[in-house]
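Read through the structure below, which is laid out as structure tokens, and then see the notes.
The values are calculated or read from the model by the stated rules, or taken from the named source; none is laboratory data. The structure displayed is predicted, hence computed values, not measured ones. Don't worry about glycine lacking a Cβ; one is built from the backbone with ideal geometry, like all the others, and counts go over all protein chains shown. To get the accessible areas, we keep the full protein, side chains included, count just its heavy atoms, and leave off ligands, DNA and RNA. Shrake-Rupley method; radii C 1.70, N 1.55, O 1.52, S 1.80 Å.
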Amino acid sequence: MKASQWTVGDFTVTSIVEEEYRRVPPEMLFPSATADDVKRHGWLVPDFADEKGRLILRIQAFVLSGNGRRILVDPCVGNGKRRALPYWNEQTFPFLERFVEAGFSAEGIDTVVHTHLHADHVGWDTRLEGGRWVPTFPRARHLYTARELAWCKLGDNPGTAGVYEDSVAPILAAGLADVVPEDADLGGGLRLEPTTGHTPGHVSLYIESRGERAVITGDAIHHPVQCAEIHLAENGDQEPELARAMRRRLLERAADDKTLFVGTHFPTRPAGRVERSGAAFRFVPVEGRER
Ligand SMILES: [Zn+2]
Ligand SMILES: [Zn+2]
């Protein structure tokens, strides 16, 4: 799968795909959803859903490059990790091969940003070498928020079990970790904003460069259907009410500020514009360049 790219001022945003899932019944992701909740929004077909109301979903990381920086955002599930969810367990994804094909090197990454510490956002931070988990990006500062780190360490749900031990602790031990505020200014027009609700210390990443804006959402929103059906709570949402409020605010701001909206789990064409539609929104994808 070729990487796609978008430009935001001085930055390029490149999607590196780990896996794309098709024909996903909506209730697998959103327990209260029905196929009709999807089918009533014809604009979701064919990029984001099929005509039977089944979803397409993607696990991907983004690389931001520009202004001398190379930042990796949410490095996916990873390989060889023991996970409760079968489709994340002991995988052999060709992710690093795609990352290299797209023109990046592990040594070239200077920062890793995590919107949160669910297993599908942190896995490639470490890889197995001689039976030990070692950092994959040896020169990168790995950023965490304090609330997220504490919550992940508990490891008390299927999304975090084992994650701290195999994907976070080796980074702390190597001295590559920085705990940053939830509204951290990362310099060069990049900053975090708290979007708590999905998880306690969840953040989204805003990019502002030469008058252009983008946001990488993380799991404040999982799928474009939630632009129209904002109320749909995802399985992993820790505080669904708070997550809904954050999602609405994120969408309102993106629509008002003409922000390029980059959905962390959005498939096919994951970056686009958010437009108001009745009391909610729709997502209008922007074609990326093939890298
Ligand atoms: Zn998540
Ligand atoms: Zn996720």
Subject >> Nearest-ten-degree value, helix 240-256 long axis tilted from longest Cα axis of the chain >> reply: 80 degrees
Original post:
Where does each of TRP151, TRP43 land when they are ordered by accessible area, with a 1.4 Å probe and the largest first?
Top reply: TRP43, TRP151
Original post:
Round to a whole number: what % of the accessible area of segment 16-67 belongs to carbon and sulfur, probe 1.4 Å?
Top reply: 50 percent
**OP:** Jot down the radius of gyration and Dmax of segment 208-283, Cα atoms only, both in angstrom.
**Re:** 11.8, 38
Original post:
Taking only the alpha-carbon positions of the chain and ignoring solvent, what does the Debye formula give for the base-10 log of I(q)/I(0) at q = 0.08 Å⁻¹?
Top reply: -0.30
Original post:
So what's the back-of-envelope 222 nm ellipticity for the chain, counting only DSSP H runs of four-plus at -39500 (n - 2.57) apiece and dividing by all residues, rounded to 500?
Top reply: -4500 deg cm²/dmol
**OP:** Would you rank ARG213, ARG249 by solvent-accessible area, highest first, keeping every protein chain in place and using a 1.4 Å probe?
**Re:** ARG249, ARG213
Original post:
Using a 1.4 angstrom probe and counting only protein chains, how large is the accessible area of LEU128 in Å², to 10?
Top reply: 100 Å²
Original post:
Largest first, how would GLU182, GLU97 line up by accessible area (1.4 Å probe)?
Top reply: GLU97, GLU182
Original post:
Which semi-axes, in whole Å and largest first, does the equivalent ellipsoid of segment 21-130 have when worked out from the alpha carbon gyration tensor as the square roots of 5 times its eigenvalues?
Top reply: 31, 18, 12
Subject >> Residue-wise HN-Hα coupling along segment 32-46, computed from phi with Karplus coefficients 6.51, -1.76, 1.60 (Hz; x: Gly, Pro) >> reply: 8, 7, 10, 4, 5, 4, 8, 5, 6, 10, x, 5, 6, 9, x
Subject >> Most to least packed among 53-61, 197-205 [average Cβ atoms within 10 Å] >> reply: 197-205, 53-61
Original post:
In segment 147-219, what percent of the accessible surface is made up of carbon and sulfur (1.4 Å probe, ligands and nucleic acids excluded)?
Top reply: 54 percent
Original post:
What is the packing order of peptides 274-283, 140-149, taking the mean over residues of other C-beta atoms within 10 Å and listing the highest first?
Top reply: 140-149, 274-283
Subject >> In Å², nearest 10: area of ARG70 left accessible to a 1.4 Å probe >> reply: 90 Å²
Original post:
Of all the accessible heavy-atom surface of segment 228-291, with the other protein chains kept in place and a 1.4 Å probe, what percent is carbon and sulfur?
Top reply: 45 percent
**OP:** With N set to the residue count of segment 198-251, report its C-alpha Rg divided by 2.2 N^0.38 Å to two decimal places.
**Re:** 1.18
**OP:** Take the alpha carbon gyration tensor of segment 142-286, find the square roots of its eigenvalues, order them as a ≥ b ≥ c, and report rounded if a/c is under 1.5; if not, report prolate when a/b exceeds b/c, else oblate.
**Re:** oblate
Original post:
Quick one: which of 169-175, 259-265, 118-124, 86-92 comes out on top by average Cβ neighbours within 10 Å, and what's the full order, highest first?
Top reply: 118-124, 259-265, 169-175, 86-92
Subject >> Rounded accessible area per residue of the chain, 1.4 Å, Å² >> reply: 40 Å²
Original post:
Accessible area of LYS258, 1.4 Å probe, to the nearest 10 Å²?
Top reply: 150 Å²
Original post:
Quick one: Cα convex hull volume of segment 149-188, Å³ per residue?
Top reply: 93 Å³
